[in-house]
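Working notes for the structure below.
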Amino acid sequence: MSEIENTSPDTAPVTTTSMASAESISQDSKNMALLNWIGTLFFGFIPCLILYLVKKEDAYVQAQAKEALNWSITAIIGYVAAIILSFILIGVLLFPVLGICHLVFCIMGAIGASKGNDFRVPFTLRLLK
């Protein structure tokens, strides 16, 4: 548990704890976010779209579903670009790279969701705000 202290001259010292937000998330929310990332790994954008539309009352699950949906849309755009570029043989090299990125980012999202962390995928297009 790390603590960060803000001691600027015009404000009072503020101490924030990084694990406090993870502890306030219920275990059901963590499990739903975990299933969201695992479902995204195997079924693409369908599980995250369903959770994004259904779980409006749970902010953590909806945030993770939105992040997984943004990643899925980015991966689909990458696969379409790889299909187009495969006519000049560059896209053939992109398919394994996109597959490995999809696997790694979904596993990282699942691990972050199981801990209750707010995971953000790097290199993704933020189409849903």
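Here, each number is a calculation from the coordinates, and none is a lab measurement. Just so you know, these numbers come straight off a predicted model, no measurement behind them. Methodologically, a virtual Cβ is constructed for each residue, glycine included, from the backbone with ideal geometry; neighbour enumeration extends over all protein chains shown.
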Check your understanding: How many percent of Cα pairs in region 26-115 exceed 21 Å?
Key -> 33
Review point. Excluding same-chain residues fewer than 8 positions from Lys115, which lysines have a Cα within less than 20 Å of its Cα?
Key: Lys30, Lys55, Lys66
Point to revise | region 75-80 - phi-based ³J(HN,Hα) in whole Hz, Karplus 6.51/-1.76/1.60, Gly and Pro as x | key: 5, 5, 4, x, 5, 5
Practice item. With label points built 7 Å along Cα→Cβ from the Cα atoms of Ile111 and Ile76, find their separation and express it in nm. Key: 2.8
Review point. For region 44-103, which trypsin sites (Lys or Arg not before Pro) are in a loop by DSSP, counting at most 14 other Cβ atoms within 10 Å?
Key: Lys56
Check your understanding: When only DSSP loop residues count, what chymotrypsin sites (Phe, Trp or Tyr not before Pro) in region 65-129 have their Cβ near at most 12 other Cβ atoms within 10 Å?
Key -> Phe123
